[in-house]
Amino acid sequence: MAVSSTLKSILLPADTWSLDVDLRYLPVVRFLKKHFPGASLLEVGSSSTGITPYVNSMVIGADATFPDPLAKRLIPVVTRYPLPFRDESFDVVISLDTFEHVPRDFRQGFITEMLRTARRYVIIGFPEGQAAEDHDAAMERYFSRQHGTPHPYFVEHRQYKVPKEGEFEQYVHHACGQLGKSVRMQRQKNVNIHLRSMFMRLVWHRWKALQRMYIVATAFSRWDWLFHMGTCYRSIYYLELNERH
């Protein structure tokens, strides 16, 4: 156990063995450290851990369930739409890889609630576009061949549909009209789709030796920007909120 902990502290940016999770969170963590150190954070769809391995502050986590043991710095709030917080309660509201699991009829409300409860920034990341949808279909087939059953995440992606390009912007503009807010929006590409296909095949393979190769590959997450080139699986949107009209 001591050797494992030492290796983690040397190789990994957080106490995790997941390259996919690191690549998802590290650009957001870098942004927060640069622009909003000490900001009050709400993470929507945090589950039992969320961003907490990467930050030193307490985080409010809002989710429908918390199935695993809670991370030390996570304060859980069991909730669904609407969020049980006052307007502009948090400096920054984040949500990563949750939006695609929201049924389409509720996506507008999901975005509106994030913008309502944020004071300065909303940061949201999710797989987006046709390339991501095709990638999910290929990964679902692969997972089913390896394990004999479909992965529930992919089932939801297929049922609710990965957001199309331009869909998210429409939700944001509609929410701003409702709330009397305006935003400045920046988009960041996240995780080359071909690299993701390779390393997810390692983690889901039945052979333990290939799964261990995935753990070794996680050490490269310290240089996560090397993964975010070309056609990417995920988009991360940074929404800077302006004053109410």
Of the residues in the stretch 65-84, those that are assigned to a loop (DSSP other than H, G, I, E, B), open to solvent by 40 Å² or more (accessible area, probe 1.4 Å) and among the β-branched types (Val, Ile, Thr) come to THR65
Which of the residues spanning the stretch 33-43 are open to solvent by less than 30 Å² (accessible area, probe 1.4 Å) and either under 22 Å from LYS189 (Cβ atoms) or at pLDDT below 95 (or both)? PHE36, ALA39, GLU43
Members of the stretch 98-120 found to be open to solvent by 10 Å² or more (accessible area, probe 1.4 Å) and touching a His at 6+ places or on another chain (Cβ under 8 Å), listed by number: HIS101, GLN108, THR112
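Out of all the residues in the stretch 49-64, which are farther than 16 Å from HIS101 by Cβ, hydrophobic (A, V, I, L, M, F, W, C) and either open to solvent by 40 Å² or more (accessible area, probe 1.4 Å) or in a strand (DSSP E or B) (or both)? Break it down into steps so the answer makes sense when it comes.
Residues of the stretch 49-64 that are farther than 16 Å from HIS101 by Cβ, as a first pass: 49, 51-60.
Those left that are additionally hydrophobic (A, V, I, L, M, F, W, C): 51, 55, 58-60.
Residues satisfying the conditions are MET58, VAL59, ILE60.
Can you tell me which residue is least open to solvent (accessible area, probe 1.4 Å) among those in the stretch 158-172 that are acidic (Asp, Glu) and farther than 14 Å from PHE106 by Cβ? Steps first, please.
Here is the first cut: in the stretch 158-172, the ones acidic (Asp, Glu) are 165, 167, 169.
Then drop every residue that is not farther than 14 Å from PHE106 by Cβ, which leaves 165, 169.
Numbers: GLU165: 146, GLU169: 50 Å².
Applying the filter and picking the extreme gives GLU169.
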What number of residues in the stretch 1-32 are in a helix (DSSP H, G or I), over 14 Å from the mean Cα position of the chain (by Cα) and at pLDDT below 95? 10
GLN178: passes all of (1) open to solvent by less than 40 Å² (accessible area, probe 1.4 Å); (2) out of contact with any Pro (no Cβ under 8 Å at 6 or more places or on another chain) but (1)
Mind checking which residues of the stretch 204-228 are touching a residue at least 24 places away in the same chain (Cβ under 8 Å), more than 30 Å from VAL122 (Cβ to Cβ) and part of a helix (DSSP H, G or I)? TRP204, TYR214, ILE215, ALA217, ALA219
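Return yes or no: is SER197 touching a residue at least 60 places away in the same chain (Cβ under 8 Å), out of contact with any strand residue (DSSP E or B) (no Cβ under 8 Å at 6 or more places or on another chain), closer than 18 Å to ILE236 by Cα and in a helix (DSSP H, G or I)?
Details: touching a residue at least 60 places away in the same chain (Cβ under 8 Å): yes; out of contact with any strand residue (DSSP E or B) (no Cβ under 8 Å at 6 or more places or on another chain): yes; closer than 18 Å to ILE236 by Cα: no; in a helix (DSSP H, G or I): yes.
Considered against the rule, which asks whether it is touching a residue at least 60 places away in the same chain (Cβ under 8 Å), out of contact with any strand residue (DSSP E or B) (no Cβ under 8 Å at 6 or more places or on another chain), closer than 18 Å to ILE236 by Cα and in a helix (DSSP H, G or I), SER197 comes out as no.
The values are calculated or read from the model by the stated rules, or taken from the named source; none is laboratory data. Predicted, not measured: the structure shown is a model, and the values here were computed from it. Every residue, glycine among them, receives a Cβ derived from its backbone with ideal geometry; neighbour counts consider all protein chains shown. With ligands, DNA and RNA removed, areas are computed over all heavy atoms of the protein, side chains included. Shrake-Rupley method; radii C 1.70, N 1.55, O 1.52, S 1.80 Å.
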